[in-house]
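As structure tokens, the structure follows; a few thoughts come after it.
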């Protein structure tokens, strides 16, 4: 694990305090206010104050076991001011105008764990703040949502998939927990890895495969339950030639991930599908325009997945979509960081983000301001789909159940 | 190894002036907690390569620590002593390699959920230090200048959105001889307030001729060093067992001569430039990131009176389909994207300048190169105003003072 702390020289430490006009608590309050007011004004949503009068099952008539869920992690790391704050709204037109009015929106999702993308995504997927090395090829230590889902509901491997951006996420599908053995979690597809195999020697492949923007010069060894090139044809019914030809029309790895998602939806219609998008993390290179481009692309791709959900017969009317960043990025005001570029300070802005849920039975156009924890996602999925996330430390989010 | 067991010979690997400083304060070091001391030693070990202002700050901080009574010291470091360290951290050679210790400490703090406590301790220390050791005001008001948008005919959107509210927006700047006027102003300030590393000119491309009393850093001049660094990194990452921590350690130890930097020259400036590339993120590949980070580090470390930062077009980020398509190797530029990067970079330059003592009197000018738009921030100019009067840059600068 090698996230950086920001203890520099004494004068920097002094500036940490002097540069900030607000306490973390004041910043947090301001953050909530700006999000809430903005969403009300721009997307025509209302403040949610009470729980729904009946359960999700009663409202939809869809039993927990027949419900499908797609989770998009809007990554890696986007701040309010480039997304839902007034000055950022131009970057998320699809989320704002198409999806937010149909969603229940949580303005304050707090990640209290390690702010590295792999470990944070692992925390989202286990409901426990994981402490594994962000840059090593290690499985989560606590059981994943995929393992709970398959074990409790006795589902086959084909019913749960993860599509992730880079080699660093190859172990996210199943934990090292002794109650769950190898092969009991989700298959993980790494589209860039497949592309590497499919296009070996073609073009500037090494540059494309830059694995992690957090450590752009290092790629961990692959291992775990990952999907290999030959399985494109046998499992996804997609020829290597078609895959390669399609990749040559795309502009980014996240577009390739969404292409794979659509193939999975058509071939297997998995009940639980987890997509980690990552283009935004180009921000680590310090180019603001590329960070914004990444946000706009992720906004568009999120809407494309929602459209796919509505157009696929297996999903239409019975799928709940969750969209949430794994965390934010550093504040401009924190002298210990360098603004949007990194997520190293652990400040309020970098820890606080948002989540939207939409689908049948989910109240539309409602905003909740109460703090929700990142690790609340897994027990919420458990309540929604009928399994128990027994070792998760989060709590089900009752507003959408 | 604990601080109270420190011995003089353990500092034998320090550069001469750093060693002398360490031995002068050995007794003080023995009284400090291990969660704090290595971050202080990280500064001490670099003493020979520090700018004059940094040396003074460090000496004052050390003098203050030495002056504290036993009771005061306990109060100052109570929160640091409550940080739990691991046995492996305690076994590290934090005297010889304090930076590596701090990096490992950072990982430990994240993994053990002590980052917030550490952050609180650091802020508390900074508050106390600021109260005990007054910051040095500048001898005259600082002036920051950012020149953005080189090679762009039409801006893709409104510029200076973040800075306008703090100053006056000029919409009818006469751009003729603009750069020359700015360099003349920098030269005049260097002439009237001569100070080592007190006046800087940073260029994202090829530097223009400038006065001899001005410290100059440019992306173009660093090209051979960048190439040598990337080749070195590439070679290292091919080695078995090379992970991100090891790579970062290696980069931190690289000396100028190992990166094709001519022997001789100014060792302080050479070390500064190497650090821009080995510690900065994206500075090796994007000129806009290089300029923003160089200005930030120059301000943070040298606390100059003048900084002229001229952004230049960075290389274009190729979309995936181009990376996969073999073609002639040529570096294409992205002037419009670079303008967006630089607009944000200019805002960060101003923020970083405002973190320094004397901020209430400091001046800042940002200009869209060869165009009519600029924003000037000065106590002499009303905030949030617009001037449509035709005026050249020299005229704006005269209004600012």
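The values are calculated or read from the model by the stated rules, or taken from the named source; none is laboratory data. Nothing here was measured: the structure is a model prediction, and the numbers come from that model. Glycine gets a Cβ as well: all are built from the backbone with ideal geometry, and neighbour counts include every protein chain shown.
Looking across region A:125-137, the residues that are in a loop (DSSP other than H, G, I, E, B) and at negative phi come down to A:128, A:129, A:130, A:131, A:132, A:133, A:134, A:135, A:136, A:137.
Yes/no matrix, rows are residues, columns are (1) away from chain B (no Cβ under 14 Å); (2) closer than 15 Å to residue A:196 by Cβ:
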position: A:230; (1), (2): yes, yes
position: A:235; (1), (2): yes, no
position: A:238; (1), (2): yes, no
position: A:247; (1), (2): no, yes
position: A:255; (1), (2): no, no
position: A:259; (1), (2): no, no
position: A:265; (1), (2): yes, no
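Can you tell which of B:159, B:163 is buried (at least 20 other Cβ atoms within 10 Å of the Cβ), under 24 Å from the mean Cα position of the chain (by Cα) and in contact (Cβ under 8 Å) with a residue 40 or more places away in the chain? Give the derivation first.
Values: B:159 fails: under 24 Å from the mean Cα position of the chain (by Cα).
Within the list B:159, B:163, the selection yields B:163.
Looking across region A:377-401, the residues that are more than 20 Å from residue A:116 (Cβ to Cβ), in contact with a strand residue (DSSP E or B) (Cβ under 8 Å, 6 or more places away or on another chain) and in contact (Cβ under 8 Å) with a residue 24 or more places away in the chain come down to A:381, A:384, A:385, A:397, A:399, A:400. Of everything in region B:270-286 that is more than 12 Å from every other protein chain (Cβ to nearest Cβ) and free of Cβ contacts under 8 Å to residues at least 24 places away in the same chain, the residue that is farthest from residue B:311 (Cα to Cα) is B:270.
Taking helices (runs of 4 or more DSSP H) that do not extend beyond region B:219-309, which have at least 2 residues that are within 12 Å of residue B:202 (Cβ to Cβ) and in contact with a helix residue (DSSP H, G or I) (Cβ under 6 Å, 6 or more places away or on another chain)?
On the way: elements: B:223-237, B:244-253, B:267-279, B:287-297.
So the answer is B:287-297.
Does residue B:386 qualify as being assigned to a strand (DSSP E or B) and either over 20 Å from residue B:295 (Cα atoms) or within 14 Å of another protein chain (Cβ to nearest Cβ) (or both)? Judged against the criteria, residue B:386 is a match. One residue alone among B:109, B:92 is modelled with pLDDT under 95 and at the interface with chain A (Cβ under 8 Å from one of its Cβ atoms), and that residue is B:109.
Would region A:112-124 turn up any residue that is buried (at least 19 other Cβ atoms within 10 Å of the Cβ), modelled with pLDDT of 95 or more, outside any helix (DSSP H, G or I) and within 15 Å of the chain's Cα centre (by Cα)? No. Just one of (1) within 13 Å of chain A (Cβ to nearest Cβ); (2) more than 19 Å from residue A:291 (Cα to Cα) fails for residue B:266. It is (1).
The lone criterion from (1) touching a strand residue (DSSP E or B) at 6+ places or on another chain (Cβ under 9 Å); (2) over 30 Å from residue B:332 (Cβ atoms) left unmet by residue B:253 is number (1).
Hey, can you tell me all the residues within region B:119-137 that are more than 7 Å from chain A (Cβ to nearest Cβ) and in contact with a helix residue (DSSP H, G or I) (Cβ under 8 Å, 6 or more places away or on another chain)? Once the filter is applied, which keeps residues that are more than 7 Å from chain A (Cβ to nearest Cβ) and in contact with a helix residue (DSSP H, G or I) (Cβ under 8 Å, 6 or more places away or on another chain), region B:119-137 yields B:120, B:121, B:124, B:128, B:132, B:133, B:135, B:136. Can you find even one residue in region A:332-355 that is more than 30 Å from residue B:289 (Cβ to Cβ) and crowded, with 24+ Cβ neighbours inside 10 Å? Looking through region A:332-355, at least one residue is more than 30 Å from residue B:289 (Cβ to Cβ) and crowded, with 24+ Cβ neighbours inside 10 Å.
With respect to the conditions (1) within 26 Å of the chain's Cα centre (by Cα); (2) more than 14 Å from chain A (Cβ to nearest Cβ); (3) at pLDDT 95 or above, residue B:97 falls short on a single one, namely (3). Here residue B:209 meets the list (1) away from chain A (no Cβ under 14 Å); (2) surrounded by fewer than 16 Cβ atoms within 10 Å (Cβ to Cβ); (3) more than 22 Å from the chain's Cα centre (by Cα); (4) in a helix (DSSP H, G or I) almost entirely, failing just condition (4).
Might you let me know whether region B:304-319 holds any residue that is buried (at least 20 other Cβ atoms within 10 Å of the Cβ) and within 27 Å of residue A:192 (Cβ to Cβ)? Walk me through it before giving the result.
At the first step, the residues of region B:304-319 found to be buried (at least 20 other Cβ atoms within 10 Å of the Cβ) are B:304-314, B:317.
Next, only the ones that are within 27 Å of residue A:192 (Cβ to Cβ) stay: B:314, B:317.
Scanning region B:304-319, I find at least one residue that is buried (at least 20 other Cβ atoms within 10 Å of the Cβ) and within 27 Å of residue A:192 (Cβ to Cβ), so the answer is yes.
Taking residue B:259 as the residue in question, decide whether it is under 17 Å from residue B:283 (Cα atoms) and within 14 Å of chain A (Cβ to nearest Cβ).
Numbers: under 17 Å from residue B:283 (Cα atoms): yes; within 14 Å of chain A (Cβ to nearest Cβ): no.
Taking the combined requirement at face value, the residue does not satisfy it.
Can you confirm whether region B:77-94 contains a residue that is within 18 Å of residue B:357 (Cβ to Cβ) and either buried (at least 17 other Cβ atoms within 10 Å of the Cβ) or touching a strand residue (DSSP E or B) at 6+ places or on another chain (Cβ under 6 Å) (or both)? Show your work before the answer.
Within region B:77-94, the first condition is being within 18 Å of residue B:357 (Cβ to Cβ), and the residues that meet it are none.
No, because not a single residue in region B:77-94 is within 18 Å of residue B:357 (Cβ to Cβ) and either buried (at least 17 other Cβ atoms within 10 Å of the Cβ) or touching a strand residue (DSSP E or B) at 6+ places or on another chain (Cβ under 6 Å) (or both).
Of all residues in region B:366-394, those that are on the phi > 0 side of the Ramachandran plot have Cβ atoms under 9 Å from Cβ atoms of residues that are part of a strand (DSSP E or B) and crowded, with 16+ Cβ neighbours inside 10 Å, 6 or more apart or on another chain, in B:384/B:168; B:384/B:169.
Checking each residue in region A:38-75 for being at pLDDT below 80 and part of a strand (DSSP E or B) picks out A:46, A:47.
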